[in-house]
Amino acid sequence: MKRLLVIRLSAMGDVAMTSPVLQSLRQESPKLEIYVLTRPFFRPFYRDVEGVRFVDIDLKGRHKGVAGIVRLWRDIKKNIKPDAVADLHDVLRSKLLRTLFKMGGVKVAVLNKGRVEKKNLIKSGWRKCNPLKSTHVRYAEVFRQLGFKMEQPGIISHKTRAIPSIFGTKDGIWLGIAPFAQHFGKMYPMKSMTKVIENLSKYNNLKIFIFGGGPAEKSVAEKLENEYPNVVSAIGKVSLNEECDLTANLDLLISMDSSAMHMASLEGVRVMSIWGATHPSAGFLGFGQSLDDAVQLPLECRPCSIYGKAPCRRNDYACMNDITPELVTEKIKSILNL
């Protein structure tokens, strides 16, 4: 096999999780031409995959709709001529694209998302919540279907990156906090997180960086920056590539079940994650991260959702609301030896 097309269009954390697996694939097959079909914004996640090439997708323009996917297929077939396709997404767009390649005689392998196992996980309750395969292992299985050995599901080591100049030089301990999440069931209450930040901002040898994206989150982060000493908002100040550089210089990141956890994992940075409606056993813990660093409550109603979308069964979101700021603060202090 000479050329491989890898498809993963979104979401941000899922795209990031493909990187350590592709690093392992590159180590196994150094002469393989790997083409990643994803959104241009996600390119920084692959900067440690030697020689990776990109196929950008324009879902609002050239590649919009069914006709656009057909056009994309023709472009790839003409310019790349892949010998195999690894569909790590398995959504409508990727299904159509891989089907077109398969009809043309190209070997295709598809991600098994484990939908049945994940449904059963939701029904099992806390005490019977047995860990499922991690997403990284599931990605590796796709490449095994194509004939690669993939004896290890990924490779990660701590990265040395230049600090973006806007943040100066490192002095003391750097803590990152990514307090936001796409769905309410995955987000630690902002009132509680603010108390954690207030508690930690009193340490003069500790600098706290707030991560996130979008105008609303930027506004919250800037308010925290203005109200508490030693707190800096990174939102809107750097590119994604520079945000990854800054993350690599952290001593610890506090994250929800969100893309920030996976971005830090790519840099080999330790993550203390906070879990509510979702559960690490579903396979979404950051690559190389420890379950011991996952903060979660042993409630029988957990997990109630794989992605955090489902409404709370108890109508009180106790899974997040009952995690006290003192518990979170003390665990951070213990990890950082404050």
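The values are calculated or read from the model by the stated rules, or taken from the named source; none is laboratory data. The shown structure was predicted, so the numbers you read here are calculated from the model rather than taken from an experiment. Here the Cβ positions follow ideal geometry from the backbone for every residue, glycine too, while neighbour counts run over all protein chains shown. What goes into the accessible areas is simple: the full protein's heavy atoms, side chains included, and nothing from ligands, DNA or RNA. Shrake-Rupley method; radii C 1.70, N 1.55, O 1.52, S 1.80 Å.
Observations, loosely collected:
- Basic side chains Lys and Arg get +1 at the Cβ, acidic Asp and Glu get -1 at the Cβ, and with that the dipole of the range 48-178 about its Cα centre reaches some 680 debye.
- Over the residues of the chain, the helix contribution to mean residue ellipticity at 222 nm works out to -10500 deg cm²/dmol, using -39500 (n - 2.57) for each DSSP H run of at least 4.
- A Stokes-Einstein calculation at 25 °C with viscosity 0.890 mPa s, built on the Kirkwood radius of the range 1-102 over Cα pairs, returns a diffusion coefficient of 179 µm²/s.
- Normalised size of the range 172-245, defined as Cα radius of gyration per 2.2 N^0.38 Å with N residues, equals 1.07.
- Average accessible surface for the chain: 46 Å² per residue, computed with a 1.4 Å probe over protein heavy atoms with every protein chain in place.
- Among 247, 169, 135, the residue with the largest mean-square fluctuation in a Gaussian network model of the chain, with springs joining Cα atoms closer than 10 Å, is 169.
- Stokes-Einstein diffusion for the range 197-311, with the hydrodynamic radius set to the Kirkwood value over Cα pairs and evaluated at 25 °C in a medium of 0.890 mPa s, equals 160 µm²/s.
- Dipole in debye (nearest 20) - the range 199-294, about Cα centre, beta carbon charges: Lys, Arg +1; Asp, Glu -1: 180 debye
- Here the Gaussian network model covers the chain, with springs between Cα atoms less than 10 Å apart; of 255, 124, 265, 124 fluctuates the most.
- Just so you know, the Rg over Rh for the chain is 0.98, from Cα atoms, with Rh as the Kirkwood radius.
- Listed by chain and number, the lysines whose alpha-carbon sits under 17 Å from that of residue 81, ignoring those within fewer than 8 places in the same chain, are 2, 31, 102, 107.
- The range 211-338 - percent relative contact order, Cα under 8 Å, separation 6 or more: 17 percent
- Residue 184 accessible area, 1.4 Å probe, all protein chains in place, Å² to nearest 10: 140 Å²
- Axis angle, to the nearest 10 degrees, between helix 325-336 and the longest C-alpha principal axis of the chain: 70 degrees.
- Taking the chain and dividing mean pair separation by its residue count, relative contact order in percent (alpha carbons under 8 Å, at least six apart): 18 percent
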